[in-house]
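Below you'll find the structure, written out as C-alpha cells, and then a few comments.
A short reminder: the numbers here are calculations on the coordinates, not readings from a lab. Small disclaimer: the values here were computed from a predicted structure and weren't measured. In this analysis, Cβ positions are derived from the backbone assuming ideal geometry, glycine residues included, and neighbour counts consider all displayed protein chains.
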Amino acid sequence: RGRTSCQDERRNGRPNEVTTPEMVKKIHKMVLDDRRKAIQ
C-alpha cells in the first residue's frame, strides 16, 4: 500500500516543456518580426 518510489512516473497528457536561452531568443525575434502573432 502506498508508493514504493519517490521518483515521478511517466503520465499521459501534456508533454514536458524545455526552456533554453536559444528558444527564448527565437520566440522573441518571431514576436518582434510580426507583432500580430498570437502565442499560447
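Filter the trypsin sites (Lys or Arg not before Pro) in the chain to those in DSSP coil with at most 12 other Cβ atoms within 10 Å of their Cβ, and list the result. Walk me through the numbers before you get to the answer.
Numbers: sites: Arg1, Arg3, Arg10, Arg11, Lys25, Lys26, Lys29, Arg35, Arg36, Lys37; in loops: Arg1, Arg3, Arg10, Arg11, Arg35, Arg36, Lys37.
Those that pass, being in a loop and sparsely packed, are Arg1, Arg3, Arg10, Arg11, Arg35, Arg36, Lys37.
Modelled spin-label separation between Lys29 and Glu17, with each label point placed 7 Å from Cα along the Cα-to-Cβ direction: 2.2 nm.
Per-residue ellipticity at 222 nm computed for the chain from its helices equals -10500 deg cm²/dmol, with DSSP H segments shorter than 4 residues left out and the rest contributing -39,500 (n - 2.57).
Restricting attention to the chain, which GluC sites (Glu not before Pro) occupy a DSSP loop and are surrounded by at most 14 other Cβ atoms within 10 Å?
Working: sites: Glu9, Glu17, Glu22; in loops: Glu9, Glu17.
Hits after loop and neighbour filter: Glu9, Glu17.
Residue-normalised convex hull volume from the C-alpha trace of the chain: 100 Å³ per residue.
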